[in-house]
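Data block below; observations after.
The values are calculated or read from the model by the stated rules, or taken from the named source; none is laboratory data. Model, not experiment: these values are computed from the prediction. Cβ placement follows ideal geometry from the backbone for every residue including glycine, while neighbour counts extend to all protein chains displayed.
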Amino acid sequence: MLPILFQNDFIVIYTHDFFTVLGLVVGLIVYFFELRRRQMLRYKIFLISIAAIFGGGLGCRLITAWEHLPYYTNQGDVPFTYLVAHSGKSIIGGIAGGYLAIKLSKKALGYNLSTGDCYAPAIPLAMAIGRVGCFLSELPLGKPTDLPWGIAASPEAAAHFTTCPYCQQKMHPSMIYEIIFHLIAFVVILRFRHLVIVQGDTLKLYLLAAAIFRFLVEFVRANPEQFWGLTGPQIVLIPLTGLLIYHFIKQLRRKVYQMPPAPVPVTIAAEEVLR
């Protein structure tokens, strides 16, 4: 494991933070390229993007707060802003917070155009890059496995963590699973997004697939179980996935995806043409 990417007498660059920032920057570049390609770059979009970054940063931290309530209640006179800045982070919360911030900022600015499809290729690419940092800096990687691609951590790497269950065994490289999924999603979106006829649904389809995949991956991750044998991310994903499924059910009931029938050709008699 590589928790510190670079260090000298003046600066320390943490691996997780580096790849998180790199993923965010690359995602924003792809997002603005999509906006430019669609000729949608306006000052309102800039403000909405700032709101999305702020909402994503806040959401990724606050959504995990309920899992660590003692952390927030037993810190004495420590400022709440410090607790938020140094608490856990969740990609699920980041996406949810960013999405909510986009909705609210659009309503406040009176912006009605759909921008979801501009985010569709940016988010999976950013997620894949960010997960590289997780893989290089976080332990445990996942639950024990006998599969040939299982990875065991060295004692030196495990020593960096207060608790590291499963570290002396081969573990599922759950972050690698997610990296592969998001890279495939990025390629699929670029290749087949033209087939999605409703604006904004490309992003929603990706989010639905990502939510289901993450729910399943949680069974091989090492996150502690919270309720009913499910982890915190799985519990959060249930209502979010339900909302996405409801959206597509509503679209199907409204027959949004049905193409209108082709117009019936009209044959005009020759004598009528001559009149």
Pull out all pairs, ordered by first then second residue, where Cβ-Cβ is under 6 Å, the residues are six or more apart or on different chains, the first lies in the stretch 28-41 and is at negative phi, and the second is surrounded by 15 or more Cβ atoms within 10 Å (Cβ to Cβ) and part of a loop (DSSP other than H, G, I, E, B).
V30/P121
Restricting to the stretch 137-158, name every residue that is part of a loop (DSSP other than H, G, I, E, B) and within 17 Å of Y14 (Cα to Cα).
E138, L139
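So that you can scan it fast, the table gives a plain yes or no per residue for (1) in a helix (DSSP H, G or I); (2) of a type in the set (A, V, I, L, M):
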site: F161; (1), (2): no, no
site: I179; (1), (2): yes, yes
site: I184; (1), (2): yes, yes
site: L190; (1), (2): yes, yes
site: H194; (1), (2): yes, no
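In the list L190, L195, which residue meets the criterion of being closer than 30 Å to C118 by Cα, without any contact (Cβ under 8 Å) to a residue 40 or more places away in the chain, among the hydrophobic types (A, V, I, L, M, F, W, C) and out of contact with any helix residue (DSSP H, G or I) (no Cβ under 8 Å at 6 or more places or on another chain)?
On the way: L190 fails: without any contact (Cβ under 8 Å) to a residue 40 or more places away in the chain.
Unique residue meeting the criteria: L195.
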In the stretch 163-175, residues that are among the hydrophobic types (A, V, I, L, M, F, W, C) and part of a loop (DSSP other than H, G, I, E, B) total 2
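Among the candidates Q226, Q168, which residue alone is at pLDDT below 85, within 28 Å of G59 (Cα to Cα) and surrounded by fewer than 17 Cβ atoms within 10 Å (Cβ to Cβ)?
The match here is Q226.
Just checking, does the stretch 250-257 include any residue being surrounded by 15 or more Cβ atoms within 10 Å (Cβ to Cβ), free of Cβ contacts under 8 Å to residues at least 40 places away in the same chain and out of contact with any Lys or Arg (no Cβ under 7 Å at 6 or more places or on another chain)? Write out each step before concluding.
Restricting attention to the stretch 250-257, the residues satisfying the condition of being surrounded by 15 or more Cβ atoms within 10 Å (Cβ to Cβ) are none.
Within the stretch 250-257, none of the residues are surrounded by 15 or more Cβ atoms within 10 Å (Cβ to Cβ), free of Cβ contacts under 8 Å to residues at least 40 places away in the same chain and out of contact with any Lys or Arg (no Cβ under 7 Å at 6 or more places or on another chain).
Among V273, V256, V236, which is the only one that is in a helix (DSSP H, G or I), β-branched (V, I, T), at pLDDT below 90 and in contact with a helix residue (DSSP H, G or I) (Cβ under 9 Å, 6 or more places away or on another chain)?
V236
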Can you name every residue in the stretch 157-175 that is touching a residue at least 40 places away in the same chain (Cβ under 8 Å), touching a helix residue (DSSP H, G or I) at 6+ places or on another chain (Cβ under 8 Å) and among the hydrophobic types (A, V, I, L, M, F, W, C)?
M175
Picking from A122, A96, A101, which residue would you name as being under 12 Å from A52 (Cβ atoms) and modelled with pLDDT under 85?
A96
